Structure formats: structure tokens, C-alpha cells
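Visitor: Have a look at this one.
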Amino acid sequence: MFYNRIASGIIVISLKTKYLGVGVENLVKQKIAAGKPTYGAIVTAASTPMVQVMAAAGLDWVMLDLEHGVIDAAAVHAMIAATGGTRCAPLARVPHDRHDVAQVVLDAGAYGLVFPMVCSRAEAEQAVATLRYPPHGQRGWGPFYAAARWGLASPDYFKVANDTLLTVVLIEHLDGVRNLDAILTVKGIDVVVIAPGDLSVNLGYPNQRAHPEVLKVAAEIEAKVLKSGIALGGIALTPGEAADKAARGYRMIFIGADVSLMQRAIAASLGGTAR
């Protein structure tokens, strides 16, 4: 961008036709590849201001939740745009086996997708293909807004998208645990996340992520993922737990969700008050 001052004293702003690649770096993917931990939170409410505040607060990424949240396509576009000007990458969790939803989120400019309930090698391969243009995937062409969010011309976005987008899969079902070895052989997966919520439910211990059996299975997943060379992700709801997971090799650490973070903040503010 450059400025020309004309005789009347008015400043005319002109846009250069050459794009400079602003925003093309996926800092989260770069940090993970460098072996550094990243920290982020889930967003369930269709709130652009909430995302703007969270992105500016220092998170490495936010995950817009289209699986369990109340977020539609129009809100997704606005929420992704709200991360602009920060170092926070907008990611999104899309419903299982909904390619159409994934397409909309990618075309809105997301920097990566999170796929729940990945239970087989075939599903992992499908996840990878969803993010990539042919011949390496099956994504349709139409990045009208994605290119603008990334600060690129559409042809340049097409060139870099396949290698820049982050592919994350969640292991939260017993079939995923049983087929983990095969899942870990799929090229293109960047992060495998242990999701203790659904995992505890599927093991028969709902809402008990600290149950010995849940911890045992989580430890088995952890060991295999760390050995595979693919980055590991998980949940840490306290600073101590986050530090412990980072020390153990976790590279994508969920510190909570908009709802839980607000609840914890309110509880802390009310602590010790007379009610």
C-alpha cells in the first residue's frame, strides 16, 4: 500500500496490484514443526467480538467449533476475519463426514481443520484429502474469501494452501484407538489429539477423564503418537497441567473453551465473596 498526496491536500490511498504474501505463514504449523508447544481454545458461541478478544489475548490458535457449537457459515466468515492483525491462527472443528461444511470453512479463510471421531485409516485419509486441492485431495476451487483473508491473489492462494493448512485428527473412539497404528501411517496428518471427553464416554466412564482406565488408554495413545513423529495434542485445564503436557512433548494444547474459561473466571472472581 502506498500514499500519494495531491494538490488539494487530499491523501489518496492506492493498492498495489502485487500481493506481498501478508498472512500466508501458518505460525502454528511452523511452531509445531519446530517442536514448540502451541496453546489455544475452543470457541462455541457465534461471537465475533469474543474471537477478537481471544485472538488478541495471546493464544496461538482458536478452534471454531462447528461440531458442538452454535456457529453458522456467516458467523464463521466474520470470526475468521476477526483474527486478522494478530498472530492467532483460526482453525475449525467440522462435523464428522461433512465435506460441505469443511469446504465453507476453508473458503472463509481458516488455517486448518480439526476432524472428530477419526476411527480408521480411510477416515484419516479422507480428512487429509478434504483440505487439499487436486491432485493431492478433493477440495473444490472457490477461495473467494480465503485468498483475501490470507492476503493473497487467488492463484497464489491455490499454490500455497495445500502445504500451509493444518490437518488435525481427534482420537476419541475405541475404534480409533484400535486402529491408531494404521492412522499414524497416513501422510499429511500434522497433529493427533487425545480427546478425553468422548474417550471417557466410549470407555464407559463419562466425564471422568482422570479415571484410571481413561488415563491408561490415553497413555497408550500418547506413547504411540510421540513415537510416530506426528505432533501430539491434548487438553490441559490448569497452568500446571499445560506445563506438564508441554514437557512431555505435547505440541497442541487446549486450555479450555469460551464457556469454560468464562465460568472459571467468574468462579475465581466470586471466590471468597459473601453471597
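The values are calculated or read from the model by the stated rules, or taken from the named source; none is laboratory data. Bear in mind the structure is a predicted one, so any value in this text is a computation, not a measurement. Reconstructed Cβ throughout: ideal geometry from the backbone, glycine too, with neighbour counts over all protein chains shown.
Visitor: Given the residues L131, L152, L106, L165, which is the only one that is among the hydrophobic types (A, V, I, L, M, F, W, C), out of contact with any Gly (no Cβ under 8 Å at 6 or more places or on another chain), surrounded by 22 or more Cβ atoms within 10 Å (Cβ to Cβ) and in contact (Cβ under 8 Å) with a residue 12 or more places away in the chain? Reasoning before the result, please.
Guide: Working: L131 fails: out of contact with any Gly (no Cβ under 8 Å at 6 or more places or on another chain); L152 fails: out of contact with any Gly (no Cβ under 8 Å at 6 or more places or on another chain); L165 fails: out of contact with any Gly (no Cβ under 8 Å at 6 or more places or on another chain).
That would be L106, the only listed residue that is among the hydrophobic types (A, V, I, L, M, F, W, C), out of contact with any Gly (no Cβ under 8 Å at 6 or more places or on another chain), surrounded by 22 or more Cβ atoms within 10 Å (Cβ to Cβ) and in contact (Cβ under 8 Å) with a residue 12 or more places away in the chain.
Visitor: Still on this structure: Find the residue count for segment 218-254, including only residues that are of a type outside the set (D, E, K, R), surrounded by 19 or more Cβ atoms within 10 Å (Cβ to Cβ) and either out of contact with any helix residue (DSSP H, G or I) (no Cβ under 7 Å at 6 or more places or on another chain) or within 12 Å of Y39 (Cβ to Cβ) (or both). Outline the logic, then answer.
Guide: Quick first cut of segment 218-254, residues of a type outside the set (D, E, K, R) only: 218-219, 221, 223, 225-226, 228-240, 242-243, 246-247, 249-250, 252-254.
Next cut, surrounded by 19 or more Cβ atoms within 10 Å (Cβ to Cβ) only: 218, 221, 225, 230-236, 242, 250, 252-254.
Next, from what is left, pick out any that are either out of contact with any helix residue (DSSP H, G or I) (no Cβ under 7 Å at 6 or more places or on another chain) or within 12 Å of Y39 (Cβ to Cβ) (or both): 225, 230, 233-236, 242, 250, 252-254.
Looking only at that region, the number is 11.
Visitor: Separate question: Given the conditions (1) outside any helix (DSSP H, G or I); (2) touching a residue at least 60 places away in the same chain (Cβ under 8 Å); (3) surrounded by fewer than 20 Cβ atoms within 10 Å (Cβ to Cβ), which single one is not true for A182?
Guide: A182 satisfies all of (1) outside any helix (DSSP H, G or I); (2) touching a residue at least 60 places away in the same chain (Cβ under 8 Å); (3) surrounded by fewer than 20 Cβ atoms within 10 Å (Cβ to Cβ) except (1).
Visitor: Let me ask you something else. Just one of A108, A89, A102 is within 19 Å of N162 (Cα to Cα) and under 11 Å from the mean Cα position of the chain (by Cα); which is it?
Guide: Numbers: A108 fails: under 11 Å from the mean Cα position of the chain (by Cα); A102 fails: under 11 Å from the mean Cα position of the chain (by Cα).
None of the others qualify; the one that does is A89.
Visitor: Go through segment 185-199 and give me each residue that's in a helix (DSSP H, G or I) and free of Cβ contacts under 8 Å to residues at least 60 places away in the same chain. First the steps, then the outcome.
Guide: In the first step, residues of segment 185-199 are kept if they are in a helix (DSSP H, G or I); the result is 196-199.
Within segment 185-199, P196, G197, L199 qualify.
Visitor: Would it be correct to say that R209 is farther than 22 Å from G109 by Cα, of a type outside the set (D, E), modelled with pLDDT of 95 or more and out of contact with any Phe, Trp or Tyr (no Cβ under 8 Å at 6 or more places or on another chain)?
Guide: Details: farther than 22 Å from G109 by Cα: yes; of a type outside the set (D, E): yes; modelled with pLDDT of 95 or more: no; out of contact with any Phe, Trp or Tyr (no Cβ under 8 Å at 6 or more places or on another chain): yes.
Answer is no for this residue.
Visitor: Okay, moving on. Within segment 201-210, is even one residue among the hydroxyl-bearing types (S, T, Y), more than 23 Å from R98 (Cα to Cα) and crowded, with 20+ Cβ neighbours inside 10 Å?
Guide: Taking segment 201-210 first, the residues among the hydroxyl-bearing types (S, T, Y) are 205.
Filter again for more than 23 Å from R98 (Cα to Cα), leaving 205.
Next cut, crowded, with 20+ Cβ neighbours inside 10 Å only: none.
No, segment 201-210 has no match at all.
Visitor: Here's something else I'd like to know. Take residues that are modelled with pLDDT under 95 and tell me which of the strands (runs of 3 or more DSSP E) falling wholly in segment 11-84 contain 3 or more. Explain how you work it out, then say what you get.
Guide: On the way: elements: 11-14, 38-43, 61-65.
Answer list for segment 11-84: 11-14.
Visitor: Determine the pairs where a residue that is buried (at least 16 other Cβ atoms within 10 Å of the Cβ), located within segment 33-44, has a partner that is at pLDDT below 95 and assigned to a helix (DSSP H, G or I) with Cβ atoms under 8 Å apart, the partner being 6 or more residues away or on another chain.
Guide: From residues that are buried (at least 16 other Cβ atoms within 10 Å of the Cβ), there are no pairs.
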